[in-house]
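Everything below concerns the one structure shown next.
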Amino acid sequence: MKYKISKISEILSHLDNAIRNKNPFSLIRFGDGGLKMMISYTNQHQENMEIISDKEGIPINKIKDVLELWALYANKADYIDNPSVYDKHYFWGRFKKNYVPINDGTSKLLDNWEKVYNDIGIMTHNRKYCNPEFNWLSILNNKKNLIDLMINKKICFISVFDNIPRLNHYDIDYIKIADHYGNQFNNSFSDVMKYIEEHANNYDLWLNSSGELGRLYSGRIKDLGGRVLDMGFVAQYWNDSSRPHRFNKFIEPYLEDSIRMKLTQCGLQYKRNI
């Protein structure tokens, strides 16, 4: 593999030290959704941009500004995701539900991630990378995981939820955003940014599950000295146990503690690279 992908334990140790020493930290993931937004803009594919705009609540005339900030904050981030892990040797491949391969267009996009990043100004050399599935891998029932690190920490969680009862034994404040198709930019963005400006350093850790605009929240949190992880759909899993079917062959809920996951027999073959 051309690039080194940092292990979960390495990233969490880095984060733990950042919390202890009150150092800024950010982990920002783009995934195939972010790649699709990048290439739709660089190729000026108007129909795709309109679909993304409607779902993510980003006005068409703001997409250029958002992507410029993505590049700025990604270049400052401690870790960004690297889609080259999906080679089926280092890590399991990218699938749809029921182990169906992703379509050729998405597969090609993931293969060309480096050019897509570079085209909007994200530097790809001399930096640290995480697995795109970091959010799920960080809650595996390993010796050191994110859930253990959250104990006795003051946390702020940005997501579509104003409370997640399964996390009630953690010290968490919730910032609720507009959901998909809820016009997040107009209905949530300014309020979230204002809260970040005022409270970035009031928390040991921020957890961020807020779609394509969320990378701006993460970038600003780090700029102001805070520490933030992009948790994506883990927020949904913690809320109601729903999760993407695409990795059911490889990870599954850990029955002894429902907010954790565990590797299946098929997933265990990749444990050394996680």
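The values are calculated or read from the model by the stated rules, or taken from the named source; none is laboratory data. A quick note: this is a predicted structure, and the numbers were derived from the prediction, not measured. Because the Cβ atoms are built from the backbone with ideal geometry, glycine has one as well, and the counts that use them run over all protein chains shown.
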Item to complete: For segment 229-264, name all the residues that are farther than 26 Å from PRO101 by Cβ and assigned to a strand (DSSP E or B).
Response: LEU229
Item to complete: Being surrounded by 16 or more Cβ atoms within 10 Å (Cβ to Cβ), at pLDDT 95 or above and farther than 28 Å from LYS143 by Cα narrows it down to one of ILE196, ILE251, so name that one.
Response: ILE196
Discussion item. Of everything in segment 144-158, what is of a type outside the set (Val, Ile, Thr), under 19 Å from the mean Cα position of the chain (by Cα) and assigned to a strand (DSSP E or B)? Give them in sequence order.
Written reply: CYS156, PHE157
Worksheet item: Is it true that some residue in segment 98-115 is more than 14 Å from ILE39 (Cβ to Cβ) and surrounded by 13 or more Cβ atoms within 10 Å (Cβ to Cβ)?
Response: yes
Item to complete: Determine, yes or no, whether ASP81 is of a type outside the set (A, V, I, L, M) and more than 19 Å from the chain's Cα centre (by Cα).
Response: no
Fill in: Check on LEU263, of a type in the set (A, V, I, L, M) and without any contact (Cβ under 8 Å) to a residue 60 or more places away in the chain
no
Discussion item. Name the residue that is surrounded by the most Cβ atoms within 10 Å (Cβ to Cβ), counting only residues in segment 171-193 that are closer than 26 Å to PHE134 by Cβ and of a type in the set (Ser, Thr, Tyr).
Written reply: SER188
Response to the item:
Matching residues in segment 1-54 (touching a Phe, Trp or Tyr at 6+ places or on another chain (Cβ under 8 Å) and either under 27 Å from PHE95 (Cα atoms) or part of a strand (DSSP E or B) (or both)) number 17
Item to complete: Can you work out which of the residues in segment 1-47 that are in contact (Cβ under 8 Å) with a residue 12 or more places away in the chain and basic (Lys, Arg) is surrounded by the fewest Cβ atoms within 10 Å (Cβ to Cβ)?
Response: LYS2
Discussion item. For segment 110-132, give me the residue count where each residue is in a loop (DSSP other than H, G, I, E, B) and in contact with a Ser or Thr (Cβ under 9 Å, 6 or more places away or on another chain).
Written reply: 3
Worksheet, complete the sentence: Matching residues in segment 43-84 (in contact with a helix residue (DSSP H, G or I) (Cβ under 8 Å, 6 or more places away or on another chain) and closer than 27 Å to ASN273 by Cα) number 11
Practice prompt. Sort through LYS128, LYS153 and tell me the only one that's touching an Asp or Glu at 6+ places or on another chain (Cβ under 8 Å), in contact (Cβ under 8 Å) with a residue 60 or more places away in the chain, surrounded by fewer than 17 Cβ atoms within 10 Å (Cβ to Cβ) and among the charged types (D, E, K, R).
Written response: LYS153
Worksheet item: In this structure, does PHE157 turn out to be among the aromatic types (Phe, Trp, Tyr) and closer than 23 Å to ARG220 by Cβ?
Response: yes
Discussion item. What's the number of the only condition in (1) free of Cβ contacts under 8 Å to residues at least 24 places away in the same chain; (2) assigned to a helix (DSSP H, G or I) that VAL192 fails to meet?
Written reply: (1)
Worksheet item: If you check HIS199, HIS180, which single one turns out to be over 23 Å from ARG260 (Cα atoms), in contact with a Lys or Arg (Cβ under 7 Å, 6 or more places away or on another chain), in contact (Cβ under 8 Å) with a residue 12 or more places away in the chain and not charged (D, E, K, R)?
Response: HIS180
Worksheet item: Within the bounds of segment 20-31, is there any residue that is at pLDDT 95 or above and aromatic (Phe, Trp, Tyr)?
Response: yes
